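J.: I'd like to ask you about the structure that follows.
Quick note: the coordinates plus some simple rules give every number you see, no bench work behind them. Keep in mind the model is a prediction, meaning the values are calculated, not measured. Every residue, glycine among them, receives a Cβ derived from its backbone with ideal geometry; neighbour counts consider all protein chains shown.
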Amino acid sequence: MPLKRMDKTPMSERAAGRRAHDFLEVNEGYDMARAMFEAERCLRCQDPVCVDGCPVRIPIPEFIHAIAAGDMREAATILRGANPLPAICGRVCPQETQCEELCHMNNRFSSAAIGHLERFVADWERGQPANDATRQPWRDEKIAVIGSGPAGLVCAGQLADMGYPVTVYEALHAPGGVLRYGIPEFRLPNAVLDWEIDVLRQRGVEIANNIIVGKTIALDALLDDMGFAAVFVGTGAGLPKFLGIPGENLNGVFSANEFLTRINLMRAYDFPVSDTPMKVGKRVAVIGAGNTAMDTVRSALRLGAEKGLIVYRRSETEMTARIEEHHHAIEEGVEFHWLTNPIEVLGNVDGWVTGLKCQVMELGEADDSGRARPLPVAGSEFVIPVDNVVLSIGTTPNPLLLQSTAGLETDRWGCLVADEESGRTTRARIYAGGDVVTGAATVILAAGAGKNAAEAIDRDLSAARGDDQGRELQSGRH
Ligand SMILES: Cc1cc2nc3c(=O)[nH]c(=O)nc-3n(C[C@H](O)[C@H](O)[C@H](O)COP(=O)(O)OP(=O)(O)OC[C@H]3O[C@@H](n4cnc5c(N)ncnc54)[C@H](O)[C@@H]3O)c2cc1C
């Protein structure tokens with residue numbers, strides 16, 4: 001099909017009929033010709049407002065112009081200078097509500113495909129010969145980072161670039177946070193994540209897996225006994241919420257976190273090459289309509305479910321999933337039950353799930369979240385026959401670390417209180433960012449918070465060291 005200047009250049013993707021039965025990546029990326037064509041669509045605006053929509057402020061026009069000029073090395077250098085995880089953000093960021101939403105092209109045509117181009121540059125870089133030399137830190141103050149999700153990884157990478165020795169402590173046996181245990185292979189292959197983490201290791205970041213700070217080591221021990229000058233907490237929001245309806249403890253009910261962790265981190269997607277299968281029934285209902293819900297229902301189909309259902313108490317308009325994930329789920333045959341509220345999980349005498357009792361909802365006035373409030377329609381109860389129910393209705397921060405560390409203030413949702421600009425918490429030398437502060441949000445917001453905190457840590461340490469610049473810049477509660 002000929003490409004058109006008015007429209008975003010499409011990225012090729014694997015056919016729905018084929019891809020819905022395996023875990024290989026759905027999107028195939030641009031080739032050089034498409035990337036250059038798309039790069040030429042950028043208007044070279046005087047006021048590149050797209051940059052305002054990017055939490056890590058990637059110099060978007062500059063990297064796109066480098067592609068248009070055929071200078072991939074320059075494009076990669078510009079991109080990586082602002083975002084240490086470009087291959088990941090190019091795949092999973094909701095660009096349509098960030099940089100691309102602000103693009104001036106939107107006024108008449110469709111925006112420049114900034115996300116597709118970011119992915120293209122990062123994938124080009126991944127194809128270049130590896131640099132095996134590991135950079136050595138040149139500063140004295142050691143920094144500990146707790147959690148290896150995007151917040152922790154970006155914070156660690158930025159600090160390593162500033163010369164600090166950085167150790168990331170991760171509770172699980174492999175780093176990456178949600179990027180590894182949550183987002184499935186067909187959207188973000190582990191090989192891409194591993195490569196990005198290897199780049200960080202080469203930049204000097206050390207990663208210690210299988211260490212739960214707050215249990216294996218106390219946070220205070222890092223500061224008092226182990227000689228770390230500062231700690232960044234990026235422990236995410238991995239504690240699933242439940243509905244509290246009857247039948248939630250039946251066999252065959254999962255939280256989306258458990259379901260996806262078994263598939264991704266424990267590699268059920270690769271069974272029988274891996275030893276850890278994940279058995280699903282014929283009909284799997286997923287409750288919720290965010291990215292996690294879409295990943296869950298699409299994974300269930302790939303594991304052999306004949307029917308994958310999304311059950312959501314609001315309408316399609318209030319759904320929080322990325323447009324692309326919703327679109328791909330439709331193509332792969334997912335059934336959507338909008339305005340449907342589950343009120344009971346039904347089971348058989350052996351304690352296994354047999355159905356989901358629901359009621360029909362209608363939308364009322366806006367609630368605190370600004371979205372129309374769903375209200376039950378009297379006498380509208382009905383049963384959907386299902387074999388599994390997976391709850392994907394949100395998560396909150398795991399309280400273990402926060403409760404085991406004195407003096408860290410949390411809010412009424414259990415999120416750690418930290419300054420948005422600097423990540424400073426209510427305790428000196430402890431910084432935080434990402435989902436543990438905001439509640440479940442996005443990769444790029446976590447990355448942005450990690451970057452801001454790294455800059456604040458450097459400013460505060462520079463001030464303590466007596467560097468003039470650090471003293472000038474120091475601000476806030478420390
Ligand atoms: C299934 C799913 C799909 C998603 N899809 C998208 C998407 O398409 N686009 C998007 O932008 N966002 C998406 N998100 C949201 C995004 O992944 C998160 O907002 C982001 O990962 C948060 O990053 P983080 O670094 O704050 O925390 P996490 O990624 O949660 O990482 C926290 C890490 O800290 C570790 N940890 C926790 N406690 C301790 C402890 N005490 N000691 C040591 N380590 C600890 C955890 O094991 C984990 O590895 C998705 C989320 C999920 C669950």
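J.: Apply the Karplus parameterisation 6.51 cos²θ - 1.76 cosθ + 1.60, with θ equal to phi minus 60°, to every residue of segment 403-420 and state each ³J(HN,Hα) to the nearest whole Hz, in sequence, with x for glycine and proline.
T.: Values, residue by residue: 6, 8, 10, 5, x, 8, 7, 10, 8, 6, 9, x, 7, 6, 7, 8, 5, 4 Hz.
J.: Describe numerically, in nm with one decimal, the distance between label points set 7 Å from Cα along Cα→Cβ at Arg108 and at Thr77.
T.: Distance between label points: 3.5 nm.
J.: Still on this structure, I have one more. What is segment 12-126's relative contact order, in percent, from Cα pairs under 8 angstrom and six or more apart in sequence?
T.: 29
J.: Rounded to the nearest 20 debye, what is the charge dipole size of the chain about its Cα centre when +1 sits on each Lys and Arg Cβ and -1 on each Asp and Glu Cβ?
T.: Using only the charged Cβ atoms, the result is roughly 420 debye.
J.: Now, a different point. Give me Rg/Rg_expected for segment 1-116, where Rg uses Cα atoms only and Rg_expected = 2.2 N^0.38 Å with N residues.
T.: 1.07
J.: Aspartates and glutamates near Lys357 by alpha-carbon distance under 14 Å, same-chain residues fewer than 8 away left out - which ones?
T.: Qualifying aspartates and glutamates at Cα under 14 Å: Glu248, Glu344, Glu381, Asp387.
J.: State the volume of the convex hull built on the alpha-carbon positions of segment 242-393, expressed per residue in Å³ and rounded to an integer.
T.: Output value, Cα hull per residue: 114 Å³.
J.: How large are Rg and Dmax for segment 352-478 when only the alpha carbon atoms are used, in Å?
T.: Computed over the Cα atoms of segment 352-478, radius of gyration and Dmax are 22.0, 71 Å.
J.: Over the residues of the chain, compute the C-alpha Rg and express it relative to 2.2 N^0.38 Å.
T.: Values: Rg = 23.1 Å, N = 478, 2.2 N^0.38 = 22.9 Å.
This ratio for the chain stands at 1.01.
J.: Positive end of the dipole of segment 242-393, charges at C-beta (+1 Lys, Arg; -1 Asp, Glu), about the Cα centre: which of His327, Leu301, Ser380 has its Cα farthest in that direction?
T.: Result: Leu301.
J.: In whole angstrom, note down how far apart the Cα centers of segment 115-136 and segment 360-378 are.
T.: Going from one Cα centre to the other spans 46 Å.
J.: Starting with the fewest neighbours, write out Arg57, Arg298, Arg5 ranked by other beta-carbon atoms found within 10 Å of each beta-carbon.
T.: In order of increasing Cβ crowding within 10 Å: Arg5, Arg57, Arg298.
J.: Okay, moving on. Could you derive backbone 3J(HN,Hα) for segment 154-168 from the dihedral phi with the Karplus parameters 6.51, -1.76 and 1.60 (θ = phi - 60°), listing whole Hz in sequence and x where the residue is Gly or Pro?
T.: 5, 4, 4, x, 5, 5, 4, 4, 8, x, 7, x, 10, 10, 9
J.: Collect residues whose amide H, placed 1.01 Å from N in the peptide plane, falls under 5 Å from the amide H of Ser380; neighbours closer than 5 in sequence don't count.
T.: Here the answer is Val360, since their amide H atoms fall under 5 Å of that of Ser380.
J.: Taking amide hydrogens as modeled 1.01 Å from N in the peptide plane, which residues meet the under 5 Å criterion relative to Val390, leaving out close sequence neighbours?
T.: HN-HN under 5 Å from Val390: Phe254, Ala285, Val286, Ile287.
J.: Continuing with this model, one more query. What residues qualify as long-range amide H neighbours of Leu363, i.e. H under 5 Å apart, gap of 5 or more or another chain, H built at 1.01 Å from N?
T.: Leu375
J.: Right, another one. In whole Å, what three semi-axes, largest first, describe the equivalent ellipsoid of segment 108-147 built from its Cα gyration tensor (square root of 5 times each eigenvalue)?
T.: For segment 108-147, the semi-axes come out at 35, 19, 9 Å.
J.: What is the order of Leu363, Leu153, Leu43, Leu219, fewest Cβ neighbours within 10 Å to most?
T.: Working: Leu363 16, Leu153 32, Leu43 11, Leu219 23.
The fewest-first ordering by Cβ neighbours comes to Leu43, Leu363, Leu219, Leu153.
J.: Moving on. What 222 nm value per residue comes from the helices of the chain, counting each DSSP H run with n ≥ 4 as -39,500 (n - 2.57) and dividing by all residues, nearest 500 deg cm²/dmol?
T.: So the helix-based figure for the chain works out to -9500 deg cm²/dmol.
J.: If you average 1/r over every pair of different alpha-carbon atoms in segment 312-353 and take one over that average, what Kirkwood value in Å do you get?
T.: When all Cα pairs of segment 312-353 are included, the Kirkwood radius is 12.4 Å.
J.: Give me Met294, Met266 sorted ascending by neighbouring Cβ count inside 10 Å, so fewest comes first.
T.: With the sparsest Cβ surroundings first, the list reads Met266, Met294.
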